[in-house]
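The values are calculated or read from the model by the stated rules, or taken from the named source; none is laboratory data. Note that the structure is a prediction, hence the values are computed from the model and not measured. With ideal geometry, Cβ positions are generated from the backbone for all residues, glycine too; neighbour counts draw on all protein chains shown. Ligands, DNA and RNA are stripped out before the accessible areas are found, and what is left, the full protein with its side chains, is counted by its heavy atoms. Shrake-Rupley method; radii C 1.70, N 1.55, O 1.52, S 1.80 Å.
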Amino acid sequence: MTILDFVRTTRANLVLLILGIIIGALLGVGYSLTQPKVYAASASGYVTIGSGGTIDVLSGSSAAKDRARSYSAIVSSEAVAKIIQEKNPNMGMTVSGIRGSVTASTDENSSLIKVSAHASTPEQAQVLANSALHATAEYIKNIEGNNGGSGNAANSNGGNNATPNAENGNTAGASASANTAVSGNAANNIRVIPLDNASINPPLVSPNYTRNTLIGAVAGLVLVYVVIFLRRSVDQRIRTRDDAVKATGSSILGVLPTSDDLTEENIVTGSSNDHIAQESIRQLRTNMRFANIDEPPICSFLVTSAVPSEGKSTVSLSLARSMAESGQAVILIDADLRRPTLAKKLNVDAKVGLTQVLAGQVDIAEAVYQLEESNLFVLTAGRIPPNPSELLGSDKMRQLVRELSEEFVVVLDAPPLLPVTDASLLSYAVDGVIMVGSIGKSHREQMTEATNNLNKVNANLFGLVLNRAPRKGLGNSYYGFGYANSYVGYATYYGYSKDGTKKKVKSRKKAKK
């Protein structure tokens with residue numbers, strides 16, 4: 001797939017993509033509403049070492065930083081959780097629940113401890129964060145106080161042992177004992193001082209409505225794209241020009257849009273209110289003049305399709321009428337001797353027609369009808385014979401087409417290629433074949449098989465006519481036919497609106513001075 005195909009696909013399915021985004025976003029919001037709310041509060045405090053007069057100096061020491069890192073693990077300990085539970089019985093939380101809701105962290109170059117707490121309400125998160133910090137400070141004070149007492153006792157013994165060493169002249173032992181005593185005194189002044197309490201309105205951290213909404217919207221968009229491209233990959237119907245060209249290996253002679261002007265009633269009456277549809281028929285007529293450059297001009301051709309109900313009779317009648325309007329003498333023959341339709345569409349007698357002419361029962365002049373004093377003549381199928389293939393493949397049929405080609409452009413409305421072999425047999429009698437496919441209905445495999453049938457009998461396939469192309473929506477971009485762009489611009493240039501109706505010209509009066 002090229003970038004252009006991707007853009008066309010996006011434009012063609014823009015409504016579905018927007019719906020996917022909206023539905024995905026709503027699902028993201030709905031998912032967020034079903035999740036429990038979690039609020040996060042944080043409190044911080046400093047670890048200090050030293051007496052009251054030296055706190056400011058020693059609070060940033062390396063010893064305080066080391067202590068802060070070791071104390072951060074105590075915040076979520078069971079002992080601290082029990083202190084929090086004892087002092088806040090109204091919270092209704094278990095010890096394990098408190099431990100799972102409280103965490104602590106420290107900065108690498110600071111003695112600052114930051115306590116974070118998560119709870120289902122903002123009030124509970126605030127209380128939990130502040131309580132965790134104070135409970136940690138209390139617990140550290142207790143354990144450091146006990147360690148400090150032991151240290152002093154040891155230091156006292158160390159000092160007594162230093163005397164004989166000093167008497168013996170061992171000054172190093174005395175110095176070590178003095179340092180140990182200082183360290184023990186400092187241990188008595190290790191504290192965690194609360195710095196910042198948790199805010200009154202802590203933020204909501206879960207669910208994240210913005211993130212979940214964006215994730216849902218993106219997921220909806222991606223899912224719609226997956227469905228679109230999956231549908232395209234498994235869809236075997238003709239959707240674009242490239243699909244038809246790849247399936248048949250032939251060129252596109254014309255594309256006929258969906259139009260009321262191409263219905264049976266309007267074709268018969270010659271209605272031309274839809275400028276876009278009429279212009280597409282004229283474009284097909286022009287392309288037919290260059291379809292057989294090696295052996296011009298084209299004197300006879302048949303119109304067929306891969307399967308029934310593709311619109312071949314509509315195309316043959318529209319093209320024959322358009323060629324007659326250009327001044328050419330055209331005879332349209334209903335060569336579908338199994339399910340003839342032209343007599344019914346044109347409301348003419350179907351009792352006498354091609355079957356009687358081939359059987360020698362009537363002369364060709366007696367079976368041909370002139371349509372409304374125009375250059376278009378019609379030869380209906382006549383009675384349905386028991387052996388259509390034999391009649392259409394006979395030498396009399398080829399001779400009839402050859403004789404009529406001397407005075408007319410012969411257009412044959414032939415049966416479909418895949419159900420019966422009639423069209424393949426008729427291809428011997430004409431200069432070439434036009435195959436009709438219906439957008440969104442014809443299958444690629446069917447058109448490929450129909451083309452193979454023509455190649456097996458060495459038929460000259462002039463090209464394809466794609467019928468029933470939508471003129472807006474999918475037809476404007478996905479199919480790539482661009483009626484809503486090119487033809488509308490052409491119609492507007494000649495004074496027609498987008499729907500093909502004549503514009504009303506407003507007169508402008510010069511203002512009198």
For the pair residue 123 and residue 246, how long in nm is the line joining their label points, each one 7 Å along Cα→Cβ?
6.7
Within the accessible area of segment 1-46 (1.4 Å probe), percent carbon and sulfur
74
Peptides ranked, highest mean first, by Cβ atoms within 10 Å: ranges 449-459, 331-341, 347-357:
331-341, 347-357, 449-459
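Where both residues lie in segment 314-419, what percent of DSSP beta bridges are antiparallel, nearest 5?
25
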Stretch residue 384-residue 232 to full length: gain in nm at 0.36 nm per residue minus the Cα-Cα span?
50.6 nm
Using only Cα atoms, locate the centre of segment 197-246 and the centre of segment 414-461, then give the distance between them in Å, rounded to an integer.
43
Which distance in Å, rounded to a whole number, links the C-alpha centroids of segment 104-118 and segment 391-410?
99
Residue-span extension gain [residue 359 to residue 449] - 0.36 nm each, minus C-alpha spacing:
29.2 nm
With a 10 Å radius around each residue's Cβ, average the other Cβ atoms per peptide and rank 1-7, 381-387, highest first.
381-387, 1-7
Grab the other residues whose beta carbon is less than 15 angstrom from that of residue 228, score K and R as +1, D and E as -1, and report the net.
+4
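Order 275, 134, 443, most accessible first, counting only protein heavy atoms with a 1.4 angstrom probe.
134, 443, 275
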Can you give the accessible area per residue of segment 392-437, in Å², using a 1.4 Å probe?
36
FRET efficiency, residue 349 to residue 456 (Cβ-Cβ, R0 41 Å, nearest 0.05):
0.65
How would you order 231-237, 20-26 from highest to lowest mean count of nearby Cβ atoms within 10 Å?
20-26, 231-237
With a 1.4 angstrom probe the carbon and sulfur portion of accessible area for segment 349-458, in percent, totals 46
